[in-house]
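Take a look at the structure below.
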C-alpha cells in the first residue's frame, strides 16, 4: 500500500475539514437566519453546486483559474512563486470548494432546527449576536457540527475527479489514496488495490459509526430538548 | 444608614412612553400609554394584544407604526426608520415560555445576562441572592430538563431579573415580564410576587408585566393598564382600574361559599 498517499490524504482531509468548519459556521448561520432574499438564494445555489456538477468540471475550471492562462492564476503564481495547480495548496483549495455543501448543509439544517425562542431569550438578556451564536445556538446544534465535520472529512478522503484534474498524480504532493487505487488497478496489482480499497471503506464506516453511535450528541439538540420537556 | 427611598422618588417622570399601531392575527393594536410607576401591569383577556405590546418594546416585533421612548432615549421611531436591535435596548425580558438554555445549569442560566464581570465576587453574590429570592437554592446545579414546569418558569424570570438589575446606562433597565407567575402554586406566587416587588424597588428597576389574573394585579398593588381588543380602555391604580373585575371575583367566591358541602 502507498503510505505516502495515505499520509497525504489524511493531511488533505484534516486541512479541508478545519478550513471548512471555520468558514461554514458563519455562512450556515447566515443562511439559516433567513435574511438576504435573492442574495441568499444565490449563495445557497452556489454552495450546493458541487453536489450536482461533475467533479471534473469543477476541477477543470480550477485548473484554468490557478494556471498561467488567466490573470488570477498569474497573480497567484506571483504570490506563491509557483502555480497552485499541481500542488498540495491547490488541492486544498479544490477540496474546500468541492466539499463545501457537505460542510454547510448539515449545519444549516441544525441551525434551522434551533427554536428561535432561545435566540430571542438570549437577546432579551442583552446578549450580542456573536455571544448568542457561540453560547446558545452552537451548543444546541453540536450534533450537526459533528455531522458536518465527519462528512467533510470522509468526502475529502473519497475525492477523485477534482484531485485528478487539479493535482495530476504527483507522488507525495498530489497523489491521494483514491488515485493510488486507480493506478494500482491500471497496473493490474489487485492485491495492493484490495488493501487500499479496504482502508477507504474503513474510513467511511468509522466515520458513519461516529455519527450514529453518539446518541448523547443528539439528545442535547434543540428539538430533543423541547421534546424532553 | 440613609432611609430607603422608594423607587418613585428617583424615577424620571416617564419611564417609558409607547405609541404603536400594529396588526397581528385578528387583533388590530392601537395603543398609547406612559409608565410612571415602579410596577405596571398590562391587564387584559387572552388575545387582547398584551404579549405583542411587550414583544414590541423588547424589540422582537417590528411594529407597523410606533414611537417608543425609554426616558429620553428613542428605541423605536418608525417614521425616522429607527429601531434599535433588541440586545442594545435598555430593557430586559422574560417571555411567556421559559426558554432555558438546555446545556447550562440553573446557576449558569441565571448568570447568563448579568451585566457585571461574571467572575467577580459581586456578580456571584448577586446570582446567589436572586437564586435565594426565587427559592431555587437546591436546584442551582441542575439542568433545565430535570426541573418541573414551575421551577423552569422561576428560573426564566430570575434570569431576566438578574440581568436587569446589573444593566448599566443612565436609567438602568426596564424589566418586561410576560405572565411571570404562571404555573406557580398560589402560596409560592403570593410570597414571591410581594418579595420580588420590594427587592426590585430597592434596586430601582421598574417593571412592566403582563397578566390576565385579577388577584395577581391586586397582590402587586400595581398601576394597571387595561387592554381590550387592542385598545387601552383604562389606566390607573389597581383598585380603580380593576374594580369591576374584583367585584365579579368576589361574587363568584361568595357563590362558592354558599354551596352546600
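Structure notes:
- From A:34, A:15, A:59, residue being out of contact with any helix residue (DSSP H, G or I) (no Cβ under 7 Å at 6 or more places or on another chain) and either at pLDDT below 90 or under 28 Å from residue A:83 (Cβ atoms) (or both): A:34
- Only residues that are in contact (Cβ under 8 Å) with a residue 12 or more places away in the chain and either surrounded by 14 or more Cβ atoms within 10 Å (Cβ to Cβ) or assigned to a helix (DSSP H, G or I) (or both) were counted across region A:50-72, and they come to 11.
- Of the residues B:137, B:172, the single one that is on the phi > 0 side of the Ramachandran plot and more than 10 Å from chain A (Cβ to nearest Cβ) is B:172.
- Qualifying positions in region B:128-152 - assigned to a helix (DSSP H, G or I), in contact with a helix residue (DSSP H, G or I) (Cβ under 7 Å, 6 or more places away or on another chain), within 22 Å of residue B:96 (Cα to Cα) and without any contact (Cβ under 8 Å) to a residue 60 or more places away in the chain: B:130, B:131, B:139, B:144, B:145, B:151, B:152
- Check on residue B:138, at pLDDT 95 or above and out of contact with any strand residue (DSSP E or B) (no Cβ under 6 Å at 6 or more places or on another chain): no
- Residue in region B:51-67 that is surrounded by fewer than 21 Cβ atoms within 10 Å (Cβ to Cβ) and in a strand (DSSP E or B) present: yes
- Being more than 19 Å from residue B:106 (Cα to Cα), more than 14 Å from chain A (Cβ to nearest Cβ) and surrounded by fewer than 19 Cβ atoms within 10 Å (Cβ to Cβ) is true of residue B:198.
- Qualifying residue in region A:123-144 (condition: more than 14 Å from chain B (Cβ to nearest Cβ) and buried (at least 22 other Cβ atoms within 10 Å of the Cβ)): yes
- Meets criteria (touching a strand residue (DSSP E or B) at 6+ places or on another chain (Cβ under 9 Å), surrounded by 15 or more Cβ atoms within 10 Å (Cβ to Cβ) and part of a helix (DSSP H, G or I)) for residue B:155: no
- Residue identified as closer than 17 Å to residue B:218 by Cα and in contact with a helix residue (DSSP H, G or I) (Cβ under 8 Å, 6 or more places away or on another chain) among B:192, B:175: B:192
- Annotation: residue B:109 fulfils all but one of (1) facing another protein chain (nearest Cβ under 10 Å); (2) outside any loop (DSSP other than H, G, I, E, B); (3) more than 18 Å from residue A:133 (Cα to Cα); the unmet one is (3).
- Restricting attention to region A:16-30, the residues that are over 9 Å from the mean Cα position of the chain (by Cα) and surrounded by fewer than 24 Cβ atoms within 10 Å (Cβ to Cβ) total 7.
- Residue match in region B:103-126 (condition: free of Cβ contacts under 8 Å to residues at least 24 places away in the same chain, surrounded by 15 or more Cβ atoms within 10 Å (Cβ to Cβ) and either in contact with a helix residue (DSSP H, G or I) (Cβ under 8 Å, 6 or more places away or on another chain) or farther than 30 Å from residue B:69 by Cα (or both)): yes
- Every condition in (1) in contact with a helix residue (DSSP H, G or I) (Cβ under 8 Å, 6 or more places away or on another chain); (2) assigned to a helix (DSSP H, G or I) is met by residue A:78 except one, and the failing one is (1).
The values are calculated or read from the model by the stated rules, or taken from the named source; none is laboratory data. Computed from a predicted structure; not experimentally measured. Because the Cβ atoms are built from the backbone with ideal geometry, glycine has one as well, and the counts that use them run over all protein chains shown.
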